[in-house]
Amino acid sequence: MAKDASTMEKIVALCKRRGFIFQSSEIYGGINGFWDYGPLGCELKRNIKDAWWNDMVLHPPIGPDGREVTMVGVDCSIIMNPKVWEASGHATGFADPMRKCPACGHFVRSDQLWEMLATSSKWMDSLIQEFTPVTGEYDTPRLLKWAKGKGQRLAPNLALVRNPEVTLAWLATRINGQPDAPPTLQEFTSYIATEQLHATGLQDPCPRCGGPLGEASPFKLMFETYTGVEQNADAKVFLRPETAQGIFANFRNVCDSTRVKVPFGVAQVGKAFRNEVTPRNYTFRSREFEQMEIEFFCHDRDSMKWWEFWRDVRINWYQALGLTGEKLRPRNQTDKELAHYSKACTDIEYLFPFSDEPQELEGVAHRGCFDLTQHQTHSGKDMSYFDDETKEKYVPTVIEPSAGADRATLAFICDAYTEDPARASPEFLKLHPRLAPIKAAVFPLVNKDGLPEIAEAIFRDVRKRWPAQYDAKQSIGKRYARMDEAGTPFCFTVDGQTKEDGTVTVRDRDTAEQVRIDKSRVVEFLREKL
RNA sequence: GCGGGUGUAGCUCAGUGGUAGAGCGUCACGUUGCCAACGUGAAUGUCGUGGGUUCAAGUCCCAUCACCCGCUCCA
């Protein structure tokens, strides 16, 4: 299905209108890549995190070996010893050297520069046409002509275009000085990008505009800050880019304090931070986000079995909470995509209205023993596990189901969003009852004749157990519609008949159908349904 | 960071250099009594922000911030 920007806009409008999601610091003009959850949104997201914790940690399914799965939780600090990020690979892996063109602002990865110039630079492509076809040699008049013609348009900031005579003079010096070693294409390219050879040395051109690229500097995906009084290099620390490392770093502590035996899993829910180049698509790619991660430790011999287990458990979890349609699309990563240490990974993707392609909600990765081995190497601490039964000592293999809480929240909202022009409430949220921020509403049909007293009593009873709302204002239709937009699954209405036989109506959000039940059965009804 | 677009009430949006607008929503009162009903009212705006031009700026100019689309990037 193609992307549906108008649906996405309506979802964004509803989320703001009804208090699900706000832009962070909106009154100051907002801040790129950060979002707030309002009263309904925070309940929804909390319900999602609670459901995850309940279903994965407190009550996990039976394992592939037919036994109970052992799961424990941790809640680690966001700032850790910086050595953690050296061991995890984030300090280097998350900092690709980038070169910026000061002229046009284009960013290029250093290691991709020459390949880009050779294959996907429009001006370079055009310039190469000017070379003598057979020998590959160039002649100065043709280069001059190009510089004053096509070059003006294609590569306005290239030295050859801005100052052809000087640039070509440098090149001539090079050739005359070493006649037996003609410049390579790369060297030639550097020369025509250089105006002031003695001052700057050879320059590398921007693939887009030809301007001289700046020095390579790592793009830092991790946010930096400082601990303590002095803000110097020794005090520099990072906001974690994932919650997983807190689990790995505590592997020994958990083993030593909890009497767990491999196989077992450690779970964590928490904030993580990434300085994304381009935060985009509402809350999908935010710079501050929340993860729900499991690191499941097992013997390598059983690891594929456990990987399949977690893959299926996680897919089923999304489906059980309402993502039953075809928009939920698990996708196995190709061998090319897999990290070198990984044997398998399934991305659980969802087709959001803002995109043509499904986007990742969660990755279920087989990570081998990479992480624990890395920490063993860097910390010097033994990360192996001794199995008393088999007398085996080994570094466990890790299966990592890593889910985005905000992405899941957005997916559940998008999936629940339903338009039906035939209804009085043309837009509503078909949220799963477990996730709905408000579980039930209680209305008096009219705000008089003793009905409010009866309804309030029912409301108080319901509210002891679930988030609920009481509403006596305006027409009954508006009240139903408001609850539909909030995703409230059930509304109970006290009417004239209640005074006669003690029954109230229950209205179903999705069908708008009503049945009558005795008012004493309201709590029981909800307990069955929720 | 670049290019294009947008920014006016809670939401969706009109607005020709000359008094700040509509629909919906919200609130109050009345009426009605099971699906955003009807009537009468009300509140809500530094027109994204900051400069400039002008007798006069929502409107023109500059800068800046945010959002959307496309690049670039993306465990």
- request: May I have the pair-distance distribution P(r) for region A:469-530, computed from all Cα-Cα distances with 5 Å bins from 0 and rounded to whole percent?
  value: 4, 17, 28, 27, 18, 5, 0
- request: Work out, in µm²/s and without decimals, the Stokes-Einstein translational diffusion coefficient of region A:308-360 at 25 °C, 0.890 mPa s, Rh from Kirkwood over C-alpha pairs.
  value: 204 µm²/s
- prompt: Does anyone have the angle between helix A:303-320 and the longest principal axis of chain A? Alpha-carbon axes, 0 to 90°, nearest 10?
  reply: 60 degrees
Cα-based Rg of region A:346-462 normalised by 2.2 N^0.38 Å, two decimals: 1.90
statement: Looking only at lysines whose Cα falls under 26 Å of A:Lys430's and that sit 8 or more positions away or on another chain, we get A:Lys3, A:Lys10, A:Lys16, A:Lys45, A:Lys49, A:Lys327, A:Lys439, A:Lys464, A:Lys473, A:Lys478, A:Lys519, A:Lys529
query: Counting only residues 5 or more places away or on other chains, whose amide H sits under 5 Å from the amide H of A:Glu242 once H atoms are built in the peptide plane?
result: A:Phe273
query: Does anyone have the angle between helix A:405-416 and the longest principal axis of chain A? Alpha-carbon axes, 0 to 90°, nearest 10?
result: 60 degrees
- line: If each part is reduced to its alpha-carbon centroid, region A:460-475 and region A:496-530 end up apart, in Å, by 13 Å
query: Non-local amide H neighbours of A:Asn157 (under 5 Å, H modeled in plane, Pro and chain starts lacking H): which ones?
result: A:Gly211
field: Å² per residue, accessible surface of region A:304-350 at 1.4 Å
entry: 53 Å²
- prompt: Taking GluC sites (Glu not before Pro) that fall in a DSSP loop and have at most 13 other Cβ atoms within 10 Å as cut points, what is the longest piece of chain A between them?
  reply: A:390-512
task: Would you calculate a helix-derived [θ] at 222 nm for chain A, using -39,500 (n - 2.57) for each DSSP H run of n ≥ 4 and dividing by the full residue count, to the nearest 500?
output: -10000 deg cm²/dmol
task: Express the accessible area of region A:430-529 per residue in Å², computed with a 1.4 Å probe while the remaining protein chains stay in the model.
output: 48 Å²
- prompt: Given N residues in chain A, what is Rg(Cα) / (2.2 N^0.38 Å)?
  reply: 1.29
Crossing angle, helix A:5-17 versus chain A [Cα axis fit, 0-90 degrees, rounded to tens]: 50 degrees
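Tell me, what % of the accessible area of chain A is carbon and sulfur with a 1.4 angstrom probe?
Carbon with sulfur: 50 percent of the solvent-accessible area.
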Using a Förster distance of 35 Å, the FRET efficiency for A:Arg465-A:Tyr28 (Cβ separation, nearest 0.05): 0.30
- prompt: Averaged per residue, what accessible area in Å² does region A:1-68 show with a 1.4 Å probe, protein chains only?
  reply: 56 Å²
message: How many angstrom lie between the Cα centre of region A:35-88 and the Cα centre of region A:282-322?
response: 10 Å
- request: Over chain A, calculate the relative contact order: mean separation of alpha carbon pairs under 8 Å at least 6 apart, over the residue count, as a percent.
  value: 13 percent
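The values are calculated or read from the model by the stated rules, or taken from the named source; none is laboratory data. Small disclaimer: the values here were computed from a predicted structure and weren't measured. Virtual Cβ from ideal backbone geometry, glycine too; neighbours counted across all protein chains shown. Remember, those area values only see protein heavy atoms, side chains included, never the ligands or the DNA or RNA. Shrake-Rupley method; radii C 1.70, N 1.55, O 1.52, S 1.80 Å.
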